[in-house]
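The values are calculated or read from the model by the stated rules, or taken from the named source; none is laboratory data. Owing to the predicted nature of the structure, the values given are computational and were not obtained by experimental measurement. Methodologically, a virtual Cβ is constructed for each residue, glycine included, from the backbone with ideal geometry; neighbour enumeration extends over all protein chains shown.
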Amino acid sequence: MKNITYAIDNITGLTISRVGSEIAFPVMDYEHQTEHGFETKLEKMSVFEIAHHNDHFTWTKKLPVSLKNYHREFWGMKPLTEGKEES
């Protein structure tokens, strides 16, 4: 069973997630520009890439279910239903 944790970047406000020794970090998806700007997509990288910036992140469970499900889908996990929190 995978265990997922979430953090908010205190500088940019972006949300990352961590599973094991990898993180999913949002990056701009330049190939899918819309009239409203750029979309983001998640990319994997080693958790060690952010180790020296750990003080920039606040680890939390208090996120909207839709944002959690965006990250859960990326990691191949089942979505949460509205009103149901992770344990």
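Residue-level analysis places I4 among those that are among the aliphatic types (A, V, I, L, M), surrounded by 11 or more Cβ atoms within 10 Å (Cβ to Cβ), in contact with a strand residue (DSSP E or B) (Cβ under 9 Å, 6 or more places away or on another chain) and in contact (Cβ under 8 Å) with a residue 60 or more places away in the chain. Scanning segment 41-58 for residues that are surrounded by 11 or more Cβ atoms within 10 Å (Cβ to Cβ) and either touching a Lys or Arg at 6+ places or on another chain (Cβ under 7 Å) or touching a residue at least 24 places away in the same chain (Cβ under 8 Å) (or both) returns L42, V47, E49, I50, H56, F57, T58.
Considering only residues in segment 14-40 that are exposed (fewer than 15 other Cβ atoms within 10 Å of the Cβ) and touching a Phe, Trp or Tyr at 6+ places or on another chain (Cβ under 7 Å), the one that is modelled with the highest pLDDT turns out to be M28.
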